[in-house]
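As structure tokens, the structure follows; a few thoughts come after it.
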Amino acid sequence: MGEPTTKPVLEMTGIRKVFPGVVALDGVDFRLFPGEVHALMGENGAGKSTLIKVLTGVYDIDGGDILLGGDEVHIAGPLAAQKAGISTVYQEVNLCTNLTVAENIFIGREPRTFGKIRWGVIRKRAAELLERLDLNIDVSAPLSTYSLAIQQMVAIARAVDISARVVILDEPTSSLDASEVEQLFRVMRRLKADGVAILFVSHFLDQIYEISDRLTVLRNGQLIGEYRTAELPQVQLVEKMIGKELATLEGLEDKALRSRTKSAAAEPILQAKGVGRTGAIAPFDLTIHRGEVVGLAGLLGSGRTELARLLFGADKADTGELSIDGKPVTLRDPQVAMRRGIAFSSENRRTEGIIGDLSVRENIILALQAARGWTRPIPRRKQDEIVEKYIKALQIRPADPERPVRNLSGGNQQKVLLARWLITEPRLLIIDEPTRGIDVGAKAEIQKLVAELSDGGMAVLFVSAELEEVLRLSHKIAVLRDRRLIEELDNGAGVDAERIMQTIASGQTASGATS
Amino acid sequence: MTILKNRLFWPAAILLALLIVNVFTSNQFITLQDGHLFGTLIDILRGSAPLILVSLGMTLVISTGGIDLSVGSVMAISGAVACLLIKDLGNQNAVGSVLLIMAVAIAVSAALGLWNGSLVAIVGIQPIIATLILMVAGRGLAQLITAGQIINVQSSPYATIATGFFLTLPVAFLIALAAIGLIAVLTRRTALGLLLESVGGSPSASRLAGIQAKRITVMVYVVSGALAGLAGLIYSANIKSADSIYAGNLIELDAILAVVIGGTALIGGRFSILGTVLGAVLIQTLQVTVVGIGVPSKATLLFKAVVVVVLCLSQSVTFREKVFGRFKSRPAVRAEVPA
């Protein structure tokens, strides 16, 4: 695609937004042309979310102009944004899953005659709308019966039907598996062909390069530049985003390779024999040794998370035997697992991880305090000491222990959760999707941390949808498919993403496996 | 300007304003008489004791995301148990026996709290329904204990907790002060406060952090029950009888209001002991003021409602922004685009 010849549908110039103590956006320009997919890139805290919120009327700007279709506009609120033709689909689908697909598409603007809702028309139009997006589903079924991917596309259908000029997709792919992403991209290409301008935010660089035409990079609230995606190599893009050389990432690469080979003779910490839970994960055997990183690979819904939860007692296993240090144990609830030195950080950072109202300090000491019981508070000075140490070690930003944790970016919240568990000095750390939805820099830091912890003797069960990451960090990889552990591979020569994808695709243990 | 933004500024200001009104409307605001302090202010402090006690328990329950509707009924039961036992004493003025009986009444109340807590945390019934059971059934229970009669007692040690004075201050108020101190220490000098706020903020995250949410939840209902029991004793000692119909009638609503005025959100999480106490005293002062300034009895409820509405508006961020915050923002140009 060449330089767009049409006029931009959206033009923002010199946008400035100040929060108490922080300049979130400092003179940012942003253009969006009809019929393009434009990626907005930047680390967490770069100002992406702020820019989107300005665009959708959530925030009022402190300076700059917004031109929509050539006319200057002031977007007074989300409703005004919608009326002006700007719709947003968020990472967490904000539809009502208990209503039907058709109801969700037309909620709040149902076609009526004399006040009576015309259900027939709603269903018919909803079906037509989804067909245009190549989606043939029963529109009278509740939304909850469909996968997250379908729900997202329903949200897109609704957005497009309301106003088809600008569609903002904020991290739409972070919970989707590969085939679902493909489906979403088909929908996006169709919209593009219809002349819709799409603003796309994603942390997956591959996806950016697959779908986007142009991209705008922000860093620390400032515009770094606008580029044509095809003309900007990935390495340069990442450097522009994090503003430094890729040394940290590459250093990690060496380290992980070096440490991969060494865990052979260590003693086992946890052994699972035939552990399973009906409807969640079929009985599996798994042994985790001291200092070993075990990766769980598999598609979304393959049972990765379910397996991890059983090993912490977050869900109760209904079959099998689990032993820790050779002694059998029944994990009735998380407390039991914690007492045996197991820590677990859930994939649902917001609902099962942080407590948004509480401060960074309180969130960090929470698990340790829970283990001590309420009658033995951690002395305040000790708390401050621990918290300061970990804020520094994990580079938690902003480095203010008393700030409510909900005000931190996703990557920093993740670091707070890691700190929460690290101070309990676990022997087995289970982390489920620790890098989902966080930026490149923070991701590299977390990966580095995992490698260091395992070098120090901690066992880690690492769950991630990103194969690259699992491959890079793990000594051993357990592959899951359809809620069953199908193969265990020792990481090393000959084990790569393709090999694992083949295992997943074929659904059976490949012969000649190293384990 | 930061003091204006403090959530407790407006409740404190309104309390102060009401007290000033009382200075002018009451015959005696505060004087020394018969060796102890006397006057409207002292009446307010004395009268607010039961509400403070109930509100303290309610604060803890609400911080876990729950609610306790049964406090009024527990008050009635506590008073009924105490009066029934005191009436049967050979010597109603035996201090030791009366103290023991009060301990029994509080223990019974705590047991009722245990019932509430178990329904909520172990059986998993929604707090509003779980405590509604005891709210309704509890008054029936109190009437069974008193056999439908009002039991009168003539026990001066018992009356002391409501009407007595110690070091020139009302004993009831001192009891409330002690409870405030106890709860403050219990929650802020231990880790209980943090764990409560965590459970209220996110039950599932708390469970995965290893917090024994069930145990803590049961505990706050027990504390709420015990404090309601103590409040019931003061109420019944004040009228020297057990009135199972009017004791603690509708006090749960005043207590919830006190908690909310004090800045604790009904969805749970962060709580403020000081705020709750301020809220409870404010409500009691309002009650006294309404009588003092001669609002006709038919209009008292309405007057109370108006003050509460003003108070809630003053605490609403949205409302304050709408009224005060619009002057500085840019003139809004509506997004007007051809369809």
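For residue A:448, indicate whether it is basic (Lys, Arg), at negative phi and buried (at least 22 other Cβ atoms within 10 Å of the Cβ).
Details: basic (Lys, Arg): yes; at negative phi: yes; buried (at least 22 other Cβ atoms within 10 Å of the Cβ): no.
When the stated conditions are applied, residue A:448 does not pass them.
Taking helices (runs of 4 or more DSSP H) that do not extend beyond the stretch A:404-515, which have at least 2 residues that are in the same structural domain as residue A:275 (by TED's automatic domain parsing), modelled with pLDDT under 85 and not aromatic (Phe, Trp, Tyr)?
A:440-455, A:467-473, A:497-506
Of (1) under 29 Å from residue B:264 (Cα atoms); (2) in a helix (DSSP H, G or I); (3) β-branched (Val, Ile, Thr), residue B:23 satisfies all except one. Which?
(1)
Can you tell me which residue within the stretch A:57-107, out of those that are charged (D, E, K, R) and without any contact (Cβ under 8 Å) to a residue 60 or more places away in the chain, is farthest from the other protein chains (Cβ to nearest Cβ)? Quick ask: steps written out before the conclusion?
From the stretch A:57-107, those charged (D, E, K, R) are A:60, A:62, A:65, A:71-72, A:83, A:92, A:103; that's our starting set.
If we keep only those that are without any contact (Cβ under 8 Å) to a residue 60 or more places away in the chain too, we end up with A:60, A:62, A:65, A:71-72, A:92, A:103.
On the way: A:60: 7, A:62: 9, A:65: 11, A:71: 7, A:72: 7, A:92: 16, A:103: 24 Å.
Result: A:103.
Residues to consider are B:184, B:172; find the one that is surrounded by 15 or more Cβ atoms within 10 Å (Cβ to Cβ), within 19 Å of residue B:109 (Cβ to Cβ) and aliphatic (A, V, I, L, M).
Details: B:184 fails: within 19 Å of residue B:109 (Cβ to Cβ).
None of the other options fit; the residue is B:172.
Could you say whether any residue in the stretch A:299-309 is over 27 Å from residue A:148 (Cβ atoms), in contact (Cβ under 8 Å) with a residue 12 or more places away in the chain and either of a type outside the set (D, E, K, R) or crowded, with 20+ Cβ neighbours inside 10 Å (or both)?
no
Tell me whether the stretch A:391-398 contains one or more residues that are away from chain B (no Cβ under 14 Å), modelled with pLDDT under 90 and surrounded by 23 or more Cβ atoms within 10 Å (Cβ to Cβ).
Among the residues of the stretch A:391-398, at least one is away from chain B (no Cβ under 14 Å), modelled with pLDDT under 90 and surrounded by 23 or more Cβ atoms within 10 Å (Cβ to Cβ), which makes the answer yes.
Take the conditions part of a loop (DSSP other than H, G, I, E, B) and touching a Pro at 6+ places or on another chain (Cβ under 6 Å) and apply them to residue A:57. Does it pass?
Values: part of a loop (DSSP other than H, G, I, E, B): yes; touching a Pro at 6+ places or on another chain (Cβ under 6 Å): yes.
Yes: the conditions hold for residue A:57.
Could you count how many residues in the stretch A:128-137 are surrounded by 13 or more Cβ atoms within 10 Å (Cβ to Cβ) and either of a type in the set (Phe, Trp, Tyr) or in a loop (DSSP other than H, G, I, E, B) (or both)?
Qualifying residue count, the stretch A:128-137: 3.
Looking only at the stretch B:265-324, how many residues end up being under 30 Å from residue B:213 (Cα atoms) and of a type in the set (Val, Ile, Thr)?
Counting residues in the stretch B:265-324 that are under 30 Å from residue B:213 (Cα atoms) and of a type in the set (Val, Ile, Thr) gives 4.
Looking only at the stretch A:375-395, decide whether some residue is among the polar types (S, T, N, Q), part of a loop (DSSP other than H, G, I, E, B) and more than 24 Å from the chain's Cα centre (by Cα). Steps first, please.
Step one: list which residues in the stretch A:375-395 are among the polar types (S, T, N, Q), which gives A:375, A:383, A:395.
Filter again for part of a loop (DSSP other than H, G, I, E, B), leaving A:375, A:395.
Now restrict to residues that are more than 24 Å from the chain's Cα centre (by Cα): A:375.
Yes - at least one qualifying residue is present in the stretch A:375-395.
Can you say whether residue A:15 is more than 11 Å from every other protein chain (Cβ to nearest Cβ) and in a strand (DSSP E or B), as far as the supplied structure shows?
Numbers: more than 11 Å from every other protein chain (Cβ to nearest Cβ): yes; in a strand (DSSP E or B): yes.
Taking the combined requirement at face value, the residue satisfies it.
Please specify each residue of the stretch A:71-127 satisfying the condition of being among the basic types (Lys, Arg) and either within 22 Å of residue A:141 (Cα to Cα) or in a strand (DSSP E or B) (or both). Write out each step before concluding.
Within the stretch A:71-127, the first condition is being among the basic types (Lys, Arg), and the residues that meet it are A:83, A:109, A:112, A:116, A:118, A:123-125.
If the condition is that a residue be among the basic types (Lys, Arg) and either within 22 Å of residue A:141 (Cα to Cα) or in a strand (DSSP E or B) (or both), then A:109, A:112, A:116, A:118, A:123, A:124, A:125 are the ones that fit.
Among (1) farther than 23 Å from residue A:378 by Cα; (2) of a type in the set (D, E, K, R); (3) within 14 Å of another protein chain (Cβ to nearest Cβ), where does residue B:139 come up short?
Going through the list (1) farther than 23 Å from residue A:378 by Cα; (2) of a type in the set (D, E, K, R); (3) within 14 Å of another protein chain (Cβ to nearest Cβ), residue B:139 breaks only (3).
Check residue B:124 against each of (1) on the phi < 0 side of the Ramachandran plot; (2) at pLDDT below 95 and name the one condition it does not meet.
It is condition (1) that residue B:124 fails.
Answer yes if at least one residue in the stretch B:81-90 is closer than 27 Å to residue B:274 by Cβ and of a type outside the set (Lys, Arg), and no otherwise.
no
When the stretch A:116-153 is examined, which residues are found to be modelled with pLDDT of 90 or more and within 23 Å of residue A:81 (Cα to Cα)?
Selection gives A:126 alone.
What residue, of B:263, B:248, B:210, is surrounded by 22 or more Cβ atoms within 10 Å (Cβ to Cβ) and touching a residue at least 24 places away in the same chain (Cβ under 8 Å)? Spell out the reasoning first.
On the way: B:263 fails: surrounded by 22 or more Cβ atoms within 10 Å (Cβ to Cβ); B:210 fails: touching a residue at least 24 places away in the same chain (Cβ under 8 Å).
Testing whether each residue is surrounded by 22 or more Cβ atoms within 10 Å (Cβ to Cβ) and touching a residue at least 24 places away in the same chain (Cβ under 8 Å) leaves just B:248.
Kindly list the number of the only condition in (1) under 15 Å from residue A:461 (Cβ atoms); (2) without any contact (Cβ under 8 Å) to a residue 40 or more places away in the chain; (3) over 24 Å from the mean Cα position of the chain (by Cα) that fails for residue A:328.
(1)
Condition first: touching a residue at least 24 places away in the same chain (Cβ under 8 Å) and over 30 Å from residue B:200 (Cα atoms). Can you find one or more residues in the stretch B:10-19 that meet it? Step through it out loud before you land on a result.
Our first condition is that a residue be touching a residue at least 24 places away in the same chain (Cβ under 8 Å); within the stretch B:10-19, this holds for B:10-12, B:14-15, B:18-19.
Now drop any that are not over 30 Å from residue B:200 (Cα atoms), which leaves B:18-19.
Taking every residue of the stretch B:10-19 in turn, at least one turns out to be touching a residue at least 24 places away in the same chain (Cβ under 8 Å) and over 30 Å from residue B:200 (Cα atoms).
Where in the stretch A:301-354 are the helices (runs of 4 or more DSSP H), entirely inside, with at least 2 residues that are at the interface with chain B (Cβ under 8 Å from one of its Cβ atoms)?
Working: elements: A:304-310, A:334-339, A:349-352.
Hits in the stretch A:301-354: A:334-339, A:349-352.
Name the residues in the stretch B:75-106 that are small (Gly, Ala, Ser), in contact (Cβ under 8 Å) with a residue 12 or more places away in the chain and under 23 Å from residue B:249 (Cα atoms), would you? Even if it seems obvious, please write down each step before you answer.
Looking only at the stretch B:75-106, we keep the residues that are small (Gly, Ala, Ser), and these are B:76, B:78-80, B:82, B:90, B:94, B:96-97, B:103, B:105.
Subsequent filtering for residues that are in contact (Cβ under 8 Å) with a residue 12 or more places away in the chain retains B:76, B:78-80, B:82, B:94, B:105.
The answer is B:76, B:78, B:79, B:80, B:82, B:105.
In the stretch A:423-445, which residue that is closer than 23 Å to residue A:286 by Cβ and among the hydrophobic types (A, V, I, L, M, F, W, C) is farthest from the chain's Cα centre (by Cα)?
A:428
Of the residues A:358, A:366, A:331, only one is touching a Gly at 6+ places or on another chain (Cβ under 9 Å), surrounded by 15 or more Cβ atoms within 10 Å (Cβ to Cβ) and in the same structural domain as residue A:437 (by TED's automatic domain parsing); which? It would help to see each step written out before you state the result.
Details: A:358 fails: in the same structural domain as residue A:437 (by TED's automatic domain parsing); A:366 fails: in the same structural domain as residue A:437 (by TED's automatic domain parsing).
Exactly one of A:358, A:366, A:331 is touching a Gly at 6+ places or on another chain (Cβ under 9 Å), surrounded by 15 or more Cβ atoms within 10 Å (Cβ to Cβ) and in the same structural domain as residue A:437 (by TED's automatic domain parsing), namely A:331.
Tally up the residues in the stretch A:360-377 that are within 7 Å of chain B (Cβ to nearest Cβ) and not charged (D, E, K, R), please. Please lay out each step first, then the result.
Within the stretch A:360-377, the first condition is being within 7 Å of chain B (Cβ to nearest Cβ), and the residues that meet it are A:362, A:366-367, A:369-371, A:374-375, A:377.
Then keep just the ones that are not charged (D, E, K, R); that gives A:366-367, A:369-371, A:374-375, A:377.
Going through the stretch A:360-377 one residue at a time, the tally reaches 8.
Report the residue count in the stretch B:193-204 for those that are facing chain A (nearest Cβ under 7 Å) and out of contact with any Ser or Thr (no Cβ under 8 Å at 6 or more places or on another chain).
Step one: filter the stretch B:193-204 for residues facing chain A (nearest Cβ under 7 Å), giving B:194-195, B:197-198, B:201-202, B:204.
The next check asks that each one be out of contact with any Ser or Thr (no Cβ under 8 Å at 6 or more places or on another chain); those that pass are B:194, B:201.
Qualifying residue count for the region: 2.
The values are calculated or read from the model by the stated rules, or taken from the named source; none is laboratory data. The shown structure was predicted, so the numbers you read here are calculated from the model rather than taken from an experiment. Virtual Cβ from ideal backbone geometry, glycine too; neighbours counted across all protein chains shown.
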